[in-house]
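Working notes for the structure below.
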Amino acid sequence: TDVLWILIRKDNNNEGITIDGEEFKLSQYADAFLFIFVGSPDSYDGILRVLDYFDHISDLKINFSKTKMF
């Protein structure tokens, strides 16, 4: 999961939210991840690309039946 954290934070295609000058893109608790990004189609596609790459290198699958987008 550290790899996923690094991939999301380093990906310049996804714009997170900025609070007091610090950008936030991801929050993690146990095995749950909360991705925080601007709701543009480019950001959405970027997150999916990162998740697909993470799946490929780690062989960990995203459970899309438990996944929600707001």
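The values are calculated or read from the model by the stated rules, or taken from the named source; none is laboratory data. Since this is a predicted model, take the numbers as computed values, not measurements. Don't worry about glycine lacking a Cβ; one is built from the backbone with ideal geometry, like all the others, and counts go over all protein chains shown. Heads up: the accessible areas ignore ligands, DNA and RNA and are worked out on the full protein's heavy atoms, side chains in. Shrake-Rupley method; radii C 1.70, N 1.55, O 1.52, S 1.80 Å.
Annotations
- Enumeration of residues in the range 29-60 that are aliphatic (A, V, I, L, M) and at pLDDT 85 or above: 57
- Enumeration of residues in the range 29-70 that are in a helix (DSSP H, G or I), open to solvent by 80 Å² or more (accessible area, probe 1.4 Å) and among the hydroxyl-bearing types (Ser, Thr, Tyr): 44, 53, 65
- Single residue of the range 8-26 satisfying the filter (modelled with pLDDT of 80 or more and within 10 Å of the chain's Cα centre (by Cα)) that is surrounded by the most Cβ atoms within 10 Å (Cβ to Cβ): 25
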